[in-house]
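Below is one structure, written out as structure tokens; the observations come after it.
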Amino acid sequence: MAATQLTADLHPLLTEYVIKKLQKNRLTTVYSFVKVEAEQLLKITNLPAESIVLVKNHLIDQFAGRCQNAQSYPWQPAPSPLSTGVPSLDALLQGGGLLPGHIYELCGESGTGKTLLSLTMASNVVKQPGSMAYFIDTKCDFSGRKIQQILDSDDCKLSEQELGHAMARVRVERIFSPDLLVQTVEELASGRYVDEGTNLKLLIIDSLPSLWYLYQDAQSSVEPLGLLTKLICSLRKLAAQRAVAVVLINLTVRVVEGMTEGKRKLCPNGNYSALGRYWESAPGTRLLLERHEHHPGSSTRYHTVQVWKSNYLRSGERVIVRMTETGVR
């Protein structure tokens, strides 16, 4: 309501003449019109008091939320958390994994295992019959072979047929523009791209900075910020209405001398997340991945996963995970 512009097509009594008179008095949105007392609107528009009340009630019915009796809705249990496939990470996240309806962000420098962890999450979700993971790849980094390796390495071996079905439930789309990303998320929220008999459980976007860096030399920040706003609104709608866990991949950037972006929320290692200050509060939980140790001659690497910020986890909590050729353990 707050951002909806007053236009002549909202009600027959709101003629072009009336709209112009309202605009002269800085009443340009539905919210501003509804908020003003009827006596003041009477003087501005010269409409009868009954007409003003009629228009107000119509706009409130059309744009305002309505109170509903909770008892009229059947009780439904909360969806179970989605295991990430990494027991120590599930314990860190509390409750057993990723919460449906929540937006997570995996942050870290390049090479800290963000993509491998996201592939491990997707593989673990699609092991459950009927569960689907949607993977949006903006860097051409997705590896179907890696998904197969992760599924094959699981303790509970899948048959060849089960493996094929599980891999088919990982839907992959390559996107190279912010506009198309926003459009795709909006379509997912409306129920498109989901096959009959399957439920979308997990959305992964790997990664966001590769798209928004297209605007790093832009003269104005209006377009990139506008697209970020549309993206987070669409993601929240998708997560809330369809009980989907959303995992976003982001980079951490080193602080350089002469930065003029004002005070930023730095992570424990002194870096900050990409996409600017505007994006800092977008995800509900931000996890920081860092290199821990690496043994020469071994393909296994140890990294830490730390809660950077969250609205339900304690910041600073961390676990150590193993990065292997067959996923994160």
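The values are calculated or read from the model by the stated rules, or taken from the named source; none is laboratory data. As the structure is a prediction and not an experimental result, all values here were calculated from the model. A quick note on method: Cβ atoms are made from the backbone with ideal geometry, for glycine too, and the neighbour counts reach across all protein chains shown. To get the accessible areas, we keep the full protein, side chains included, count just its heavy atoms, and leave off ligands, DNA and RNA. Shrake-Rupley method; radii C 1.70, N 1.55, O 1.52, S 1.80 Å.
Positive-end ranking of Leu228, Ser310, Ser110 along the dipole of the chain, with charges on Cβ about the Cα centre, is headed by Ser310.
Please work out the average accessible area per residue across the chain, using the 1.4 Å probe convention, and give it in Å².
Numbers: 17650 Å² over 329 residues.
Spelled out: the 1.4 Å probe surface of the chain, per residue, equals 54 Å².
For the chain, the share of accessible area belonging to carbon and sulfur comes to 50 percent (1.4 Å probe, ligands and nucleic acids excluded).
With both partners inside the stretch 87-328, how many of the DSSP beta bridges are antiparallel, as a percent to the nearest 5? DSSP beta bridges in the stretch 87-328 are roughly 40 percent antiparallel.
So what is Rg over Rh here for the stretch 131-238, counting just Cα atoms and using Kirkwood for Rh? If you can, show how the numbers build up before the last one.
On the way: Rg = 16.4 Å, Rh = 15.5 Å.
Ratio of gyration radius to Kirkwood radius for the stretch 131-238: 1.05.
The mean sequence distance of close C-alpha pairs (under 8 Å, at least 6 residues apart), as a share of the length of the chain, puts its relative contact order at 19 percent. Straight-line cross-link partners of Lys21 among the aspartates and glutamates, defined as a Cα under 19 Å from its Cα and at least 8 positions apart when in the same chain: Asp9, Glu37, Glu39, Glu50.
Heavy-atom accessible area for Ile204, with the other protein chains in place and a 1.4 Å probe, reaches approximately 0 Å². Its Cα centre serving as origin, the chain has a Cβ charge dipole (Lys and Arg +1, Asp and Glu -1) of approximately 720 debye. Computed over the Cα atoms of the chain, pair by distinct pair, the Kirkwood hydrodynamic radius stands at 22.7 angstrom.
Across every pair of non-identical alpha carbons in the stretch 3-150, the mean reciprocal distance, once inverted, gives a Kirkwood radius of 20.7 Å. What does the charge count near Thr304 come to, summing +1 for each Lys or Arg and -1 for each Asp or Glu among other residues with Cβ under 15 Å from its Cβ? Taking every Cβ under 15 Å from that of Thr304, the sum is +3.
Taking other residues whose beta carbon is less than 11 angstrom from the beta carbon of Asn199, and scoring Lys, Arg as +1 and Asp, Glu as -1, yields +1.
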